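Here's the structure we're looking at; comments come further down.
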Amino acid sequence: MIRKSAIAAALLAASTLPAFAHLDPGEHGSFMAGFSHPLFGTDHILAMLAVGLWASLLATRKALWQVPAAFVGTMFAGFLAAMAGVPLLFVEPVILASVIVIGLLAAVALSVPVPAAMAMVGFFAFFHGYAHGGEIGAAGATIYALGFSLATAILHAAGIGFGIWLGRAFGARSGRTVARIAGGLAATGGILLALGA
């Protein structure tokens, strides 16, 4: 059991590795610039994986698609707000808080109605989208937004898939425990990022 838990934790950690610099829209195109943006920061990656993980722990079919969809949709609203020049305070602190809070939601496997879960992740998603809009550079807005939306959806799907896989690999009860541990690791990662570690 310990060996399987270590493997599961290693898989989650490995999924956060592709943190690379933003791509230049002029050289790589606006879509790839947008697609790479969520993958640039560990905070974005951990938060989006945690959304998927928590959705899998909510254990309803609606949660599996509605919670991530709420994140992507509200993230797009935040992007539009940034493009419109709407001022928004505490963007980076709230993004860091999202890693900790959503990781903790998964760690405690908080069971709430799906609309409440959608609202909770949606709050943080707005700030993630605003950050994407604030760093658009010379990219074309529409294709850039499609890029970061797709990357976000893929990260959510990875978190969901990881949670489902844990249930199948370890059994429902043990898999849920390991998923909760993974949520705790994500929250811990957020705390370390907040502390500048």
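To the nearest 0.05, what FRET efficiency results for T142 and L88 with a Förster distance of 22 Å applied to their C-beta separation? Each step should come with its number before you reach the end.
Values: r = 21 Å, r/R0 = 0.97.
Efficiency computed from Cβ-Cβ geometry: 0.55.
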Exposure proxy ranking, count of Cβ atoms within 10 Å, fewest first, for H28, H44: H28, H44
A172-L80 pseudo-label distance in nm [points 7 Å out on the Cα-to-Cβ vector]: 4.1 nm
Which entry in (i) 61, 31, 26; (ii) 58, 36, 29; (iii) 50, 32, 31 matches Cα extents along the principal axes in Å derived from the coordinates of this structure? (iii)
If each of V112 and E27 carries a label point 7 Å out from its Cα toward its Cβ, how far apart are those two points in nm? 4.2 nm
Cα gyration tensor, the stretch 47-151 - rounded (a/c under 1.5), prolate or oblate: prolate
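What does the charge dipole of the chain about its Cα centre add up to, to the nearest 20 debye, if the Cβ of each Lys and Arg holds +1 and the Cβ of each Asp and Glu holds -1?
Details: 8 positive and 5 negative charges, 223 e Å.
That gives the chain a dipole magnitude of about 1080 debye.
What is the chain's relative contact order, in percent, from Cα pairs under 8 angstrom and six or more apart in sequence?
On the way: 319 pairs, mean separation 70.4, N = 197.
Averaging sequence separation for qualifying contacts and normalising by length gives 36 percent for the chain.
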Pick out, from L110, T188, G122, the residue whose Cα sits farthest towards the positive end of the charge dipole of the chain, with +1 on the Cβ of Lys and Arg and -1 on the Cβ of Asp and Glu. L110
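Coordinate-derived values only; no laboratory data. Everything quoted here is computed from the prediction, not taken from an experiment. For neighbour counting, all protein chains shown are included, and Cβ atoms are generated from backbone atoms with ideal geometry for every residue, glycine included.
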